[in-house]
1. Under a no-solvent Debye model with one identical scatterer per Cα of the stretch 120-192, what's log10 I(q)/I(0) at q = 0.12, 0.14, 0.24 Å⁻¹?
2. Around Met71, with a cut-off of 15 angstrom between Cβ atoms, what is the net charge of the other residues, counting Lys and Arg +1 and Asp and Glu -1?
3. Please name which of Ala68, Leu57, Leu32 has its Cα lying farthest along the dipole of the stretch 12-84 towards the positive end, using unit charges on Cβ (Lys, Arg +1; Asp, Glu -1) and the Cα centre as origin.
4. With the Cα gyration tensor of the stretch 5-58 giving a ≥ b ≥ c as the square roots of its eigenvalues, does the rule (a/c under 1.5 for rounded; else a/b larger than b/c for prolate; else oblate) give rounded, prolate or oblate?
5. Quick one: pull the percent of accessible area on the stretch 58-120 belonging to carbon and sulfur, 1.4 Å probe, ligands and nucleic acids left out.
6. Under unit Cβ charges (Lys, Arg +1; Asp, Glu -1), what dipole magnitude, rounded to 20 debye, does the stretch 1-129 have relative to its Cα centre?
7. Once you list every other residue whose beta carbon is under 11 Å from the beta carbon of Ala146, what net charge do they have if Lys and Arg are +1 and Asp and Glu are -1?
8. Please compute the per residue accessible area over the stretch 124-254 with all protein chains in place, 1.4 Å probe, rounded to a whole number of Å².
Amino acid sequence: MRWRNFVAVGDSFSEGMDDPYPDGTFRGWADLVATRLAAEAGPGFRYANLAIRGRLLPAVTAEQLPAALEMRPDLVSFAAGGNDILRPRCEPAAVCDSFHDSITRIRATGADAIVFRFADVTLRLPGQRVVGPRVAYMNARVGETAAATGAYLVDLFVDDEFRNPLLWSVDRLHLSEIGHRRTAAHVLNALGVAVDEDWMLVPPHPAPTPWLLARGADLRWAGRYLAPWVRRRLTGRSSGDLVTAKRPALAPVVRETA
């Protein structure tokens, strides 16, 4: 095992929403990966997670990335830009250029980097005609960045199991416990680290919801999740404004996360 420490940076995807511990804090794929890496590496392995929900790419690159590199990690996961491409006023090319620059900075230190082609969230969200092409463009650019820099690419987009709604939380945007577990398995497979095969298992797709019940569910979802999101955009607020990083410094992995 060549990795002695691991730092995760990004937004809610890496923070672990919506995969809660019993105390209400979040676990997520990064904690699961860290636990397995720690078991492989033995004593001395350390892990930090700087990711905060709602963060846009400029904030990640300005705040989290320098803090992560100061820790001199040998493995960094970088998953950001998803919040940016959901915004109405977004320049995907500029987002992807900044993403590429960030991975280049990580690799220049000698650290390994993990990047993601995201699963297709547009199947469950409005605005597919606008967001869908942006997601496709960003995924293509992430693949190019991985090839150019030698980063480990975790391709969730090609995994059709992420079309199963049971891999997503009720907000239709964040992964469920099942989704985070499968993501962790993909990361470990990409790194060449042994993983429990059960982490790849998912339940069968649920039966289709009758049209009228589905529309009612859509209305309830819009009231509970979409409307607050729109209000935050209009007022310049973020869901992570009062949130701090759950693991702001490298520390041993002592919490059971499996």
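The values are calculated or read from the model by the stated rules, or taken from the named source; none is laboratory data. As the structure is a prediction and not an experimental result, all values here were calculated from the model. Cβ: placed from backbone, ideal geometry, glycine included. Neighbour counts: every protein chain shown. Keep in mind that these areas ignore ligands, DNA and RNA; they rest on the heavy atoms of the full protein, side chains included. Shrake-Rupley method; radii C 1.70, N 1.55, O 1.52, S 1.80 Å.
1. Debye output, listed in q order: -0.37, -0.50, -1.18.
2. Charge balance near Met71 sits at +1.
3. Ala68
4. On the way: a/c = 2.91, a/b = 1.45, b/c = 2.00.
Oblate, since a/c reaches 1.5 and b/c is not below a/b.
5. The value for the stretch 58-120 is 49 percent carbon and sulfur by accessible area.
6. For this selection, approximately 140 debye.
7. +1
8. Result: 57 Å² per residue.
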